[in-house]
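The values are calculated or read from the model by the stated rules, or taken from the named source; none is laboratory data. What you are looking at is a predicted structure, and each value in this text was computed from that prediction instead of being measured. Counting neighbours? That spans all protein chains shown, and the Cβs are built from the backbone with ideal geometry, glycine included.
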Ligand SMILES: [Zn+2]
């Protein structure tokens, strides 16, 4: 069931606000007005319009809720499994056999726990790609988070009970109908990859998503040589093959995009394909370092993703912000390759743009009031000489441990580090029990 909106108007007054725009704007002593779940005004206290709304004083820093652009959150059941294996063996030997035993109840329980983890870390929106998408939606609605939930398309050995790819595509359409219009949950279609899902199915998925303005989300060029057979057969790279088969051109978000040539990046720019950059998962699985600055130079929209907790091993986007900046600078041997403001923007306003959403990501009037309070009374924020220091501290010395409170559409879902919508001790017990069962072959 869709949650009703928080209608009570409120005014928040904070020591500082970071807007999440590309310029890295920070306002000191600022006001955020919220009504019916959306931001109605934001700016310095001195300029604030008169208001009768109850005022809440927030001593810390208000940040936009972070946006996790690529995730398989229910993999919280398989956190850190298969340590040290390369991606192909990790998928076929460890993940797919366990996932073949999953039930909808397992996925619901795991998503509930993952939502609590993300909300506590200040992540208010996640892009989810996982089996039993209806169970993912139910758990997201329960937790009060926001999500873009993909109906997955993948046929792996041991997954026969999930149906053929044709049946999965039909289910994706039914799922979109059943979710309908929901201010918190958007649905899309998530075929796994071009080397695992046939091109004719990809084309039909692309047509459906274009027709209904849905997001099409797919893994591309995560590891070197993963699609060698397909590329040999067509004499072209995966991005080129996707373009030539009419699969691009809608709202398309490609995850990873590590092994991309300049020509491949040009294909993305030409067809306005956006990217979910997952530096930590790529580093842990030794997949490679994605050409982030090459993407941004071409105007490609990029967000940051944690990927699943089986390969990360947490849902902490603050770590991705820092690693994205570090890897971009290392790759270019240039400390200006990616600024702190740019890195933070990828997790906020830039991430929203990558999803094609103009209603989240930034703190500005008209957008949803998804935000968190960061505790700045901590060594990570000492000293602060200017607003710019607050932003660089956010990127370089702070992290998820400094998130105190989180709001989604103006409703508080985390208070003083505790998730209000999910009973986390109970959710942990539940996932522990289910993980033990799934681990038994
Ligand atoms: Zn993934």
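Select from segment 269-319 the residues that are without any contact (Cβ under 8 Å) to a residue 40 or more places away in the chain and under 27 Å from residue 117 (Cα atoms) and write down the one among them that is nearest to the ligand (Cβ to nearest atom).
Once the filter is applied, the top-ranked residue is 281.
Could you list, in sequence order, all residues of segment 234-250 that are under 25 Å from the mean Cα position of the chain (by Cα) and either within 16 Å of the ligand (Cβ to nearest atom) or without any contact (Cβ under 8 Å) to a residue 12 or more places away in the chain (or both)?
If the condition is that a residue be under 25 Å from the mean Cα position of the chain (by Cα) and either within 16 Å of the ligand (Cβ to nearest atom) or without any contact (Cβ under 8 Å) to a residue 12 or more places away in the chain (or both), then 238 is the only one that fits.
Would you mind finding the one in 263, 193 that is surrounded by 15 or more Cβ atoms within 10 Å (Cβ to Cβ), out of contact with any helix residue (DSSP H, G or I) (no Cβ under 7 Å at 6 or more places or on another chain) and either outside the structural domain of residue 37 (by TED's automatic domain parsing) or at pLDDT 95 or above (or both)?
When all the criteria are applied, what remains is 193.
Only one of 253, 202 is surrounded by 22 or more Cβ atoms within 10 Å (Cβ to Cβ), under 20 Å from residue 271 (Cα atoms) and within 15 Å of the ligand (Cβ to nearest atom). Can you tell me which?
From the options 253, 202, the qualifying one is 253.
What are the residues in segment 3-30 that are under 17 Å from residue 375 (Cα atoms) and buried (at least 17 other Cβ atoms within 10 Å of the Cβ), if any?
12, 13, 14, 15, 16, 17, 18, 19, 26, 27, 30
Tell me which strands (runs of 3 or more DSSP E) are completely within segment 24-72 and hold 2 or more residues being within 16 Å of the ligand (Cβ to nearest atom) and within 30 Å of residue 107 (Cβ to Cβ), or say none if there are none.
The qualifying strands (runs of 3 or more DSSP E) are 66-71.
Mind listing whichever residues of segment 195-220 are farther than 13 Å from residue 246 by Cβ and under 21 Å from the mean Cα position of the chain (by Cα)?
213, 214, 215, 217, 218, 219, 220
For segment 154-162, indicate whether the set of residues that are under 15 Å from residue 419 (Cβ atoms), touching a residue at least 40 places away in the same chain (Cβ under 8 Å) and more than 16 Å from the ligand (Cβ to nearest atom) is non-empty.
There is no residue in segment 154-162 that is under 15 Å from residue 419 (Cβ atoms), touching a residue at least 40 places away in the same chain (Cβ under 8 Å) and more than 16 Å from the ligand (Cβ to nearest atom).
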